[in-house]
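The structure appears below as structure tokens.
The values are calculated or read from the model by the stated rules, or taken from the named source; none is laboratory data. Being a predicted model, the structure only gives us computed values, none of them experimental. Cβ coordinates were reconstructed from backbone atoms using ideal geometry, including for glycine residues, and neighbour counts include every protein chain displayed. Side chains included, ligands, DNA and RNA excluded: accessible areas come from the protein's heavy atoms. Shrake-Rupley method; radii C 1.70, N 1.55, O 1.52, S 1.80 Å.
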Amino acid sequence: MKRRVLAVARFTNPDLPKKLSAQGIESIASDLLEPGALDRLPDSPNVIFMAARKFGSSGAEHLTWAMNTFLPALVAERYRNSRIVAFSTGNVYPLRAAGEGGATEATPVGPIGEYAQSALGRERMFEYGSSRYGTRVTILRLNYAVELRYGVLVDIGRAVYERRPVLLSMPHVNLIWQGDANSWCLRSFAHCQSPPFVLNITGPETLSVRDIAGEFGKHFGIEPRLGPEAAEPTSLLNNASRQTHSLESRE
């Protein structure tokens, strides 16, 4: 059965729609915060919500809240009759020591900073829409997707190669290849429900930033420069065991 796939974004890269079209994906250029923009989009039975202002952004905090909390409220209203898979972040959890293991979906949220707080706001808006309209939703709390163009591994590798200090303020990380995260995302449509189904998405390993820098150093023949460690060695860590158990149980 032929499926219609739509990609909605501002498309600041003018070459991207052509690349998507070559894959059979229709592109719609839209600023979703523009009044009436959502009303002009077609209905869809399945929606993946990825629009966000990312972590590390500073200044214009009002835009962070608009993208991460106000827009999700609008989307939850517009697509109340759809199944929605909404990307969130592990930043909604408190920091944890490596010995504690990663946060599970049952761990009480404890967002630190405005980005993390606004991301929790995103979740709450989809929860509100699900409660009010019965919309079936899955919320994905993603930690550190990586691939060869971007992500934590690229950041660490470049720092080592350019002989810049590798920051150890967060000494441990969970990582997942972007392609695997995409796979979990599509498979999670089967779990959309009201109230929303919440799922941590990341890799199973807890990795040491120091050790990753060391491996890059061996590859490049460079002794890594390491920044100071935090007084309390805590990190943003997720336990994604439910991911494997829940999604594979439906297959």
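A few remarks follow.
- Within a Gaussian network of the chain (alpha carbon springs, distance under 10 Å), most fluctuating of SER188, SER235, SER27: SER27
- The overall shape of the stretch 115-154, judged from the alpha-carbon gyration tensor, is prolate: a/c is not under 1.5, and a/b is greater than b/c.
- Of the residues ALA97, VAL47, VAL173, the one whose Cα sits farthest toward the positive end of the charge dipole of the chain, with +1 on the Cβ of Lys and Arg and -1 on the Cβ of Asp and Glu, is VAL47.
- Computed with a 1.4 Å probe over protein heavy atoms only, the accessible surface of the stretch 121-251 comes to 53 Å² per residue.
- Solvent exposure of the stretch 1-112 as accessible area per residue, Å², 1.4 Å probe: 60 Å²
- Relative to the dominant Cα principal axis of the chain, helix 209-220 is inclined by about 70°.
- The chain - percent of accessible surface contributed by carbon and sulfur, probe 1.4 Å: 53 percent
- Convex hull volume of the chain per residue (C-alpha atoms, cubic angstrom): 158 Å³
- Distant-in-sequence amide contacts of ASN238, defined by a placed amide H-H separation under 5 Å and a gap of 5 or more residues or a different chain, comprise ALA103, ASN174.
- The helix-only estimate of mean residue ellipticity at 222 nm for the chain, built from DSSP H runs of length n ≥ 4 each weighted as -39500 (n - 2.57), is -9500 deg cm²/dmol after division by the residue total.
- Theoretical gain in end-to-end length, GLU147 to ILE222 [0.36 nm per residue, Cα-Cα removed]: 24.8 nm
- Candidates ALA106, ALA190, ALA66, ranked by Gaussian network fluctuation over the chain, Cα under 10 Å, top entry: ALA106
- Here the spin labels are modelled as points 7 Å beyond Cα on the Cα-Cβ line, and at SER208 and THR12 they lie 3.8 nm apart.
- Pairwise label distance in nanometres, TYR128 with LEU33, each label 7 Å out on the Cα-Cβ vector: 1.8 nm
- Residues of the stretch 160-179 with amide N under 13 Å of the 7 Å Cα→Cβ point at GLU215: 173-177
- FRET efficiency estimate (nearest 0.05) - Cβ-Cβ, SER169 to GLN193, R0 45 angstrom: 0.75
- Backbone amide hydrogens, once placed in the peptide plane, bring ARG141 within less than 5 Å of SER88, LEU199, ASN200, ILE201, excluding anything fewer than 5 places away on its chain.
- Seen from GLU205, the other residues with C-beta closer than 14 Å to its C-beta sum to a net charge of -3, counting Lys and Arg as +1 and Asp and Glu as -1.
- GNM on the chain, alpha-carbon springs under 10 angstrom: the most fluctuating residue among ARG149, ARG122, ARG136 is ARG149.
- Low-density loop positions, GluC sites (Glu not before Pro), the stretch 94-157 - DSSP coil, at most 14 other Cβ in 10 Å: GLU147
- At most 13 other Cβ within 10 Å, DSSP loop - trypsin sites (Lys or Arg not before Pro), the stretch 1-103: LYS2, ARG3, ARG4, ARG10, LYS54
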